[in-house]
Amino acid sequence: MSRPLSLVLTVLIGARATAAVEPVPSPAPPRGPVVILTSHALDGRGGELHGARIGVAEGRITSMNATAADDVIDLRRYTVLPGWIDVHVHLDSHFDKTGRIATESEPVLEAALGIAQAAWDSLMGGFTTVQSVGDDSERPLRDAIRDHGFPGPRVLTSLAWIEGDATMPDDKLRAMVRERKAHGADLIKIFASTSQRVGAQPTFTEAQLKVLCDEARALGLRSMVHAYRSQVAAAARAGCNEIEHMTYATAEEIGIAAKAGAYLSPQVGLVVQNYLENKDRYIGVGNYTEQGMATMRKDLPEDFKVCTIAAHIPKAKLVFSTDATAGAHGHNAEEFLGRVAHCGITPMQALVSANRVAAEAIGLGDRIGTLAKGYEADIIALDGDPLADLASVRRVVFVMRGGVVYKWPGAGQP
């Protein structure tokens with residue numbers, strides 16, 4: 001991420017934070033009270049609610065059996081549930097005005113708009129919180145949404161990920177973690193393996209992973225590790241918090257990760273399918289090659305296999321994660337269908353992985369991911385019952401984040 005693009009993003013969507021005047025406070029959510037009428041709701045923890053009257057004031061849920069209020073939102077035709085959480089996206093990845101995957105040569109203003117559009121598309125798809133892991137450009141967007149009312153999902157970011165090799169000394173590894181902490185990272189993203197498209201080979205040693213994850217923990221940050229093959233178990237033994245992908249890992253290695261208490265984060269329903277569908281828009285940039293795409297297609301059953309293994313380990317913490325890149329933003333919910341089809345889990349388990357489990361994975365389990373008094377008013381509604389018709393996850397008709405309504409046909413919105 002270049003410095004000019006980061007500056008443009010700051011000016012474009014966070015100018016008030018840097019202007020030479022008194023800081024403008026974040027706009028407060030509607031004071032309320034608002035009552036949301038429901039017939040059928042999911043609480044985000046595996047339970048169903050019938051006839052709940054959800055009271056909302058000042059951005060939080062105040063009651064699940066609220067009395068009458070002047071402002072009433074009637075969602076009794078729909079299924080209501082907590083806003084979803086995707087713990088692995090790449091908001092900086094988008095298509096440029098030519099329809100190709102954007103590169104560093106894209107004009108900075110266009111790049112800034114592309115990143116903001118990816119966030120908006122995610123919100124409209126029902127994802128009120130996303131964790132974007134890979135680029136410094138995500139920080140000003142996160143701050144603008146959090147501090148200045150810019151429309152979008154709640155964003156957590158790792159800033160630039162950490163990658164290297166087995167020759168890196170420990171002091172340099174620690175310095176890389178501290179640098180990201182100083183720049184405002186919410187977590188540390190680590191590449192323990194090369195991309196699947198170029199062989200999925202180990203990069204860091206287990207000892208190096210321990211240095212990185214221990215340093216993150218000492219600084220109060222979580223760690224996420226991109227890992228294939230034996231690196232899955234290595235990252236778990238190193239004490240890292242979340243392990244992504246896991247392709248080619250054995251049942252024993254995945255079991256080690258589950259026993260260590262790591263959040264397990266395979267992807268089966270969106271990322272590879274999106275790459276293949278949009279192949280011509282990616283090929284020729286970086287490691288996006290015909291051979292790499294063919295490898296992902298050929299090895300997709302390996303993704304299904306590791307997800308199935310993880311899903312059937314008792315007490316394994318399977319968290320919702322899409323790795324959404326250009327072309328996938330706003331379609332994150334396809335992962336729900338993929339997990340039910342290819343991992344052998346129920347619709348309720350898939351949905352809970354994007355609510356309670358995901359909230360706990362990102363350290364916000366006491367604030368979001370649940371419909372209950374005291375939680376933030378991140379609430380969505382589907383046209384249909386996902387327990388009976390999982391395809392209804394594609395039909396998000398209502399989105400509220402922090403008590404602010406962003407999507408509602410009853411308010412004249414599409």
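Of all residues in segment 45-56, those that are closer than 13 Å to residue 72 by Cα have Cβ atoms under 6 Å from Cβ atoms of residues that are among the polar types (S, T, N, Q) and open to solvent by 40 Å² or more (accessible area, probe 1.4 Å), 6 or more apart or on another chain, in 53/65; 55/62.
With respect to the stated conditions, residue 294 is free of Cβ contacts under 8 Å to residues at least 24 places away in the same chain and part of a helix (DSSP H, G or I). All of (1) in contact with a Lys or Arg (Cβ under 8 Å, 6 or more places away or on another chain); (2) farther than 16 Å from residue 247 by Cβ; (3) surrounded by fewer than 21 Cβ atoms within 10 Å (Cβ to Cβ) hold for residue 352 with one exception: (3).
Among the listed residues 146, 154, 178, which satisfies the condition of being touching a residue at least 40 places away in the same chain (Cβ under 8 Å), out of contact with any strand residue (DSSP E or B) (no Cβ under 9 Å at 6 or more places or on another chain) and open to solvent by 20 Å² or more (accessible area, probe 1.4 Å)?
Details: 146 fails: out of contact with any strand residue (DSSP E or B) (no Cβ under 9 Å at 6 or more places or on another chain); 154 fails: out of contact with any strand residue (DSSP E or B) (no Cβ under 9 Å at 6 or more places or on another chain).
178 is the lone residue from the list that is touching a residue at least 40 places away in the same chain (Cβ under 8 Å), out of contact with any strand residue (DSSP E or B) (no Cβ under 9 Å at 6 or more places or on another chain) and open to solvent by 20 Å² or more (accessible area, probe 1.4 Å).
Of all the numbered requirements in (1) assigned to a loop (DSSP other than H, G, I, E, B); (2) open to solvent by 30 Å² or more (accessible area, probe 1.4 Å); (3) out of contact with any strand residue (DSSP E or B) (no Cβ under 7 Å at 6 or more places or on another chain), residue 285 misses one, and that requirement is (3).
Any residue at all in segment 183-205 that is touching a strand residue (DSSP E or B) at 6+ places or on another chain (Cβ under 6 Å), open to solvent by less than 10 Å² (accessible area, probe 1.4 Å) and on the phi > 0 side of the Ramachandran plot? Checking segment 183-205: at least one residue is touching a strand residue (DSSP E or B) at 6+ places or on another chain (Cβ under 6 Å), open to solvent by less than 10 Å² (accessible area, probe 1.4 Å) and on the phi > 0 side of the Ramachandran plot. The residues listed here are 388, 372, 326; of these, the one that is surrounded by fewer than 24 Cβ atoms within 10 Å (Cβ to Cβ) and free of Cβ contacts under 8 Å to residues at least 60 places away in the same chain is 388.
In segment 353-391, the residue that is farthest from the chain's Cα centre (by Cα) out of those that are polar (S, T, N, Q) and not in a helix (DSSP H, G or I) is 370. Pairing each residue of segment 297-319 that is open to solvent by less than 60 Å² (accessible area, probe 1.4 Å) with any residue that is of a type in the set (Lys, Arg), provided the two are 6+ apart or on different chains, yields C-beta distances under 8 Å for 307/339; 311/339. Hey, any hits in segment 57-64 for a residue that's in contact with a helix residue (DSSP H, G or I) (Cβ under 6 Å, 6 or more places away or on another chain) and either more than 25 Å from residue 356 (Cβ to Cβ) or of a type outside the set (Lys, Arg) (or both)? No; the residues of segment 57-64 include none that is in contact with a helix residue (DSSP H, G or I) (Cβ under 6 Å, 6 or more places away or on another chain) and either more than 25 Å from residue 356 (Cβ to Cβ) or of a type outside the set (Lys, Arg) (or both).
Kindly list the number of the only condition in (1) of a type in the set (S, T, N, Q); (2) surrounded by fewer than 24 Cβ atoms within 10 Å (Cβ to Cβ); (3) over 19 Å from the mean Cα position of the chain (by Cα) that fails for residue 117. Result: residue 117 fails condition (3) only.
Considering segment 39-70, and only residues there that are assigned to a strand (DSSP E or B) and touching a Gly at 6+ places or on another chain (Cβ under 7 Å), the residue that is most open to solvent (accessible area, probe 1.4 Å) turns out to be 60. Of the residues examined, residue 224 is one that is in a strand (DSSP E or B) and not charged (D, E, K, R). Here residue 129 meets each of (1) of a type outside the set (Asp, Glu); (2) in contact with a helix residue (DSSP H, G or I) (Cβ under 7 Å, 6 or more places away or on another chain); (3) buried (at least 24 other Cβ atoms within 10 Å of the Cβ) with one exception, condition (2). Residues that are among the basic types (Lys, Arg) and open to solvent by less than 60 Å² (accessible area, probe 1.4 Å) within segment 272-282 comprise just one, 279.
Under the condition of being buried (at least 24 other Cβ atoms within 10 Å of the Cβ) and hydroxyl-bearing (Ser, Thr, Tyr), the residues counted in segment 71-86 number 1.
Listed here are the strands (runs of 3 or more DSSP E) enclosed by segment 88-201 that have at least 1 residues being among the small types (Gly, Ala, Ser): 127-132. A single member of 168, 124 is modelled with pLDDT of 95 or more, open to solvent by 30 Å² or more (accessible area, probe 1.4 Å) and touching a Lys or Arg at 6+ places or on another chain (Cβ under 8 Å), and it is 124. Put simply, of 313, 309, 254 the only residue that is assigned to a loop (DSSP other than H, G, I, E, B), among the β-branched types (Val, Ile, Thr) and out of contact with any Phe, Trp or Tyr (no Cβ under 7 Å at 6 or more places or on another chain) is 313.
The values are calculated or read from the model by the stated rules, or taken from the named source; none is laboratory data. Please read all numbers here as calculations on a predicted model, not as lab measurements. Neighbour counts run over all protein chains shown; Cβ positions are idealised from the backbone, glycine included. For the accessible areas, the whole protein counts, side chains as well, though only heavy atoms, and no ligand, DNA or RNA atoms are used. Shrake-Rupley method; radii C 1.70, N 1.55, O 1.52, S 1.80 Å.
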